[in-house]
């Protein structure tokens, strides 16, 4: 546009050279700039462009007080400052294409059509996704129908299959079964219906295996009528799966965290219409659980430096919640217990509070590598300060060592066996969670205790005691330890791998590696809870099963169970050999109903549950008192406990070289 302006100005402006030196015009500077005015061309004062030229864009580009030659200015600015007839209007820069240029029409059509096609495709995709979201998924369609080979089912047998997540019973009935079903008095049934109305082919009976009472899974070939029996509340079904009788079994969950006086657990029996208290544990076991250790023994607690106990917990409070925390709470219990004596001369037992498991990894797993040096340091300290260790070499002392393999202080069994029990502890009484017959890491005379399970946490998950046990077999945990045992044959000696491979699709087995938030509630809804060995034979599931009234199924050969001299494990649990895991379903379904009900009644005993817990504060008959009862039963000490003057039984330099290094 400056070119246009320059062309129009050529006819209006009159260009004249500047006046003589000293003359001042309107475009000149001050009087001191006369020489500069003489060199600068200027418009005449009477020019019609005088007013318009003030503030022209050229002044912005080139200030007045700056000397710039015309050659240094842009061409457009120079043309304005020096008008000339040679300035020509440029028509080419203003050329425009007319609308609807044929050369651009094909491209425009392509862009518009392509955009519309893309929009239509996206809209179609959204509609299809919305419509398909309302149709059944492939897994649902796959479960909608199920084909079963009936030729392999023998007459008189029942097969259980899974359909839509529910068990389905398929029974091939014999002539005797059919005649028995047709001879039943319809009026005596809770659900009166002819057998012909329940089957299409009299030989085959196909029903969903869910109890009509509260949704439990009945057991086949059981009950008073030879059909099915529901172990939850005692429903009996005949050969036509009609509810022939009903029994309220002993599924009542007794008050677990009750007052010291306890609470009586009820067991209703409808059939004889009898109602009574929970069955008491027979034999001496019940008397042992009820024993009060106060007055039967005295314990002196060594006052060791806090680096062996309290300071360790202050450094890592996670130790208060892991399964080995019994060593911490046993110490706290004894400090305020009535069996404690401050006079060591009156003591029957001496206790050294050393927290050897409170060295945890970031994942919360205990590292036992420093434990031998720590224990050795503590024993050296108390043997120098007090004379009582040296008179027996620790035979009247007890230590709590809740490691995986006790005082062998290693989490791998091969390494633990290689190490053996710490030499300085071989005369002491060990209180430990590990127990396996004829094992290097179980010292004769040791007291086997349950692992620590937080009582307050379990109490927070209690459900109403009349909740039905609708799960037949329950387990949550690892089946393979791929990190340490990729082949799957060494972990749990292959028992867990066999459990998964044989029963992962069995509708009677609710087993998984997932640990749901309802884990404790699920155990209270289960009849049997599996307690297989892992790397070690014992497991916290044993405690949880007893507390929640679920019959423990113990899969660990030669295991020594907690307080085995007080708790009748044979009467409350089921023992299955590791090699018999593939037959586990047959073993459990063949247990007589009376045995199941009796085990449930025994598990409802508050004393049984209390003996497995370490509550704070302590309560009568809890695990603390069972430990003291075990110590009291070892009294009085035999004469062989005490050493003769100058006699030594322990070798202080025995053991691996690494264990002899100082501990700080």
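If the segment from residue 484 to residue 586 were pulled out straight at 0.36 nm per residue, it would be longer than the present Cα-Cα gap by 33.5 nm. Among 661, 370, 457, the order by Cβ neighbours within 10 angstrom, fewest to most, reads 457, 661, 370.
Stretching the chain fully between residue 598 and residue 616 yields a gain of 3.4 nm (0.36 nm per residue, less the alpha carbon separation).
Annotation: peptides 175-181, 396-402, ranked by per-residue average of other Cβ atoms within 10 Å with the highest first, follow the order 396-402, 175-181. Beyond 21 Å, the tail of the calculated P(r) for segment 479-579 holds 35 percent of the Cα pairs. Figure legend: label point modelled 7 angstrom from the Cα of residue 642 along Cα→Cβ; residues of segment 372-414 with amide N under 19 Å from it are 386-398. Compared with the alpha-carbon gap, the fully stretched path from residue 201 to residue 564 is longer by 125.3 nm at 0.36 nm per residue. Segment 508-546 and segment 583-640 have their alpha-carbon centroids 18 Å apart. Using a simple spin-label model with pseudo-atoms 7 Å out from Cα toward Cβ, residue 134 and residue 112 lie 3.6 nm apart. Listing 404, 580, 238, 348 from fewest to most neighbouring C-beta atoms within 10 Å gives 580, 348, 238, 404. Spin-label model, residue 306 to residue 126: label points 7 Å out along the Cα-to-beta-carbon direction sit 6.7 nm apart.
Bear in mind that the values in this text are calculations on the coordinates, not laboratory data. Everything quoted here is computed from the prediction, not taken from an experiment. Here Cβ is always computed from backbone atoms with ideal geometry, including for glycine, and neighbour counts include all displayed protein chains.
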